[in-house]
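The values are calculated or read from the model by the stated rules, or taken from the named source; none is laboratory data. Every value quoted in this text rests on a predicted model; they were computed, and no experiment measured them. Cβ sites come from the backbone with ideal geometry, for glycine too, and all protein chains shown count toward neighbours.
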Amino acid sequence: MKKRFQIILFMVILWPALLFSCTIFKMTRDGNTLIGNSEDWSDPDSKVWFLAPEPGKYGRVYFGFKNGWVQGGMNEQGLFFDGLAGSVKKWQPEPDRQDYAGNLCEKILEEASTVKTAISYFKKYNFPSLVTGIFIFVDKSGETAVIQYSEGRLKIDVTDGRYCAFGYQESRANNLLKNMSNLSIAEMKQILGKCQRQDSYPTQYANVYDPQKLVVHVYPAHGATKSIKFDLKKEWAKGNHYFDLPKYAEQMNIPFLKDHKTSDMINLSNNVLDNYIGKYNTGSSMINIYRSDSVLYLKTNLIFNGIMAFWIMPLSREQFLVRDLAIEIGFKRNRAGKISGLTMKMGTEVYDANRISLK
């Protein structure tokens, strides 16, 4: 069971292990840029998250699936990203770069405004998703970067051409862009329709982003809603929230839902955080909790074979959430009030672990 779950989580975090699933394209004309993407995967439980601006972080919209790993999105500066699945590559961290805990692309949308700045993050941090992920960044000027790992090195290709396409239907999308008569949402939608995937990894949703107007048009493949237009400024003004795209019609008129990305976290002092540090044994796997500065991190071979660490944030002194994935951590105490173990819930899988060592 553990081995099976590791493989599944590895595939989902790094995008489906199917060569060049998803299609991404952009067109720039007369100073305006529109971006289209289709998200191809076997999970119909797609989601959209809205994270409001805060000091040091831009407002951003993210899209993904039930596991919570962000597949793509855009920030209030009009910087867009999405990912493609590529072939699995051999990868080694660069010793002169910092290891980033979690999804580096989220950090980039929080802090960067241009493709040039986004590239600098990949030169500063090691990001294991480059093992199989290919990242496309586009800013509102139309500048585009393709970031991947090739022949043991970070490879970055930048273009400011009028149009470009990548992924599963790259050739078809490029031909359609070449013959596009007008730059419009309607024509971008038509291209998305012609790039749909309909096999065992079908298109679950497709988007057209307008980075100048900060609007996203969403076309879910499931549910009662055929299309959704999100005015991002209005959504950010409502505060942090999310929707399940297949259930958007029924969720739009109920109180906002909260999850690992939109819940309110509490602050704990370093002295309190130190109480959780240690190694926890599930019987077949280890879970390591450690602190760096004022943040707790989790690292375990149950997630991505232990290659990547993840930031965990407290809802209370007993309940924590992983920032980048839909994972819940509950700490258990003994009669003396000391942390004695934890429970980690990942989807339908629950792991109980006893604490075996401190720090």
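Points to keep in mind about this one:
- Odd one out for I7 among (1) assigned to a loop (DSSP other than H, G, I, E, B); (2) modelled with pLDDT under 95: (1)
- Restricting S120, S129, S87 to those that are within 19 Å of Q71 (Cβ to Cβ) and loosely packed, with under 15 Cβ neighbours inside 10 Å reduces the list to S87.
- Candidate set from segment 175-194 (those that are assigned to a loop (DSSP other than H, G, I, E, B) and of a type in the set (A, V, I, L, M, F, W, C)); member that is farthest from K47 (Cα to Cα): M180
- Members of segment 319-352 that are within 29 Å of the chain's Cα centre (by Cα) and either in a loop (DSSP other than H, G, I, E, B) or not assigned by TED's automatic domain parsing to the domain that holds I289 (or both): R323, D324, L325, A326, G347, T348
- Going through (1) more than 25 Å from L315 (Cα to Cα); (2) surrounded by fewer than 19 Cβ atoms within 10 Å (Cβ to Cβ) one by one, L232 falls short only on (2).
- Between C105, C164, the distinction of being in a helix (DSSP H, G or I), of a type in the set (A, V, I, L, M, F, W, C), at pLDDT 95 or above and not assigned by TED's automatic domain parsing to the domain that holds S292 belongs to C105 only.
- Among residues of segment 275-294 that are at positive phi, those with a beta-carbon under 7 Å from a residue that is assigned to a loop (DSSP other than H, G, I, E, B) at least six positions away or on a different chain give the pairs G278/K359.
- K213 vs. criteria over 23 Å from the mean Cα position of the chain (by Cα), assigned by TED's automatic domain parsing to the domain that holds A101 and farther than 19 Å from A101 by Cβ: no
- The condition of being under 24 Å from L245 (Cα atoms) and either surrounded by 16 or more Cβ atoms within 10 Å (Cβ to Cβ) or touching a residue at least 12 places away in the same chain (Cβ under 8 Å) (or both) holds for Q169.
- Candidates K261, K279, filtered to the one that is at pLDDT 95 or above and outside the structural domain of Y351 (by TED's automatic domain parsing): K261
- Selection from segment 335-351 of residues that are touching a residue at least 40 places away in the same chain (Cβ under 8 Å) and aliphatic (A, V, I, L, M): I339, L342, M344, M346
- So K226, is it under 18 Å from L34 (Cβ atoms) and surrounded by fewer than 16 Cβ atoms within 10 Å (Cβ to Cβ): no
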